[in-house]
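A.B. asks: The structure is given below, and queries will be raised subsequently.
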Amino acid sequence: MSASVQEPSRDELLAMAYVDGELDLAARKAFEIQLAQREDLRREVVQLQKLGLLARSMAAAEPIDHEWKRLARDPLQRTSTVVGFVALAVGATGLAGWGGWMVWQSEMPMVPKTLLAALCAGGLILFLVTLRGRLRTLPFDPYTEIER
């Protein structure tokens with residue numbers, strides 16, 4: 001039983017040439033216009049980039065990679081990292097809450113209080129927007145399935 005082999009479409013051939021850097025400047029710019037307009041084409045390019053990265057990752061691991069993997073399995077290393085991040089988060093949250101309470105309880109005029117609140121709100125909004133952007137672009141990240 002033989003599987004039928006389908007010839008790649010023009011778009012697939014262009015995507016392969018784009019990922020391999022084989023398009024001249026005019027063809028690359030034209031393809032990038034199509035890429036901006038079509039999600040299916042963007043997904044095709046991402047899949048081809050993942051395939052290229054997978055092919056390059058087939059090389060033998062460097063000795064330093066083995067050491068990082070050993071450290072990642074070490075219970076002391078993992079526990080210490082978790083405890084450190086939890087302590088950092090608790091301390092930062094507590095300090096921010098205490099600082100906010102102290103500012104609102106102080107005799108400071110309302111304008112500086114409002115400006116401090118705006119500063120904190122701006123930082124939180126920027127963090128959340130960055131997180132949202134990262135989560136939305138994650139399906140297009142060719143490095144998510146690659147292990148060095």
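The values are calculated or read from the model by the stated rules, or taken from the named source; none is laboratory data. None of the values given here were measured: they were computed from a predicted structure. Cβ: placed from backbone, ideal geometry, glycine included. Neighbour counts: every protein chain shown.
A.B. asks: Filter the helices (runs of 4 or more DSSP H) completely within region 2-89 down to those with at least 2 residues that are touching a residue at least 40 places away in the same chain (Cβ under 8 Å) and surrounded by 14 or more Cβ atoms within 10 Å (Cβ to Cβ). Don't jump to the end; show me each part of the working.
C.D. replies: On the way: elements: 10-19, 25-37, 39-56, 63-73.
Passing ranges, in order: 39-56.
A.B. asks: In addition: Looking only at region 102-125, count every residue that is under 23 Å from the mean Cα position of the chain (by Cα) and over 16 Å from ALA92 (Cβ atoms) and tell me the total.
C.D. replies: Taking region 102-125 and keeping what is under 23 Å from the mean Cα position of the chain (by Cα), we get 122-125.
Checking which are over 16 Å from ALA92 (Cβ atoms) leaves us with 122, 125.
Going through region 102-125 one residue at a time, the tally reaches 2.
A.B. asks: Is it the case that LEU54 is modelled with pLDDT of 85 or more and of a type in the set (A, V, I, L, M, F, W, C)? Reasoning before the result, please.
C.D. replies: Details: modelled with pLDDT of 85 or more: no; of a type in the set (A, V, I, L, M, F, W, C): yes.
No: the conditions fail for LEU54.
Yes/no matrix, rows are residues, columns are (1) loosely packed, with under 11 Cβ neighbours inside 10 Å; (2) modelled with pLDDT under 90:
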{"residue": "TRP101", "(1), (2)": "yes, yes"}
{"residue": "PRO109", "(1), (2)": "yes, yes"}
{"residue": "THR114", "(1), (2)": "yes, yes"}
{"residue": "GLY122", "(1), (2)": "yes, no"}
{"residue": "PHE127", "(1), (2)": "yes, no"}
{"residue": "PRO142", "(1), (2)": "no, yes"}
{"residue": "ILE146", "(1), (2)": "no, yes"}
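A.B. asks: Here's another thing I want to ask about it. What are the residue pairs meeting all of these: first residue in region 130-143, first residue in contact (Cβ under 8 Å) with a residue 24 or more places away in the chain, second residue basic (Lys, Arg), Cβ atoms under 6 Å, and 6 or more apart or on different chains?
C.D. replies: PRO142/LYS50
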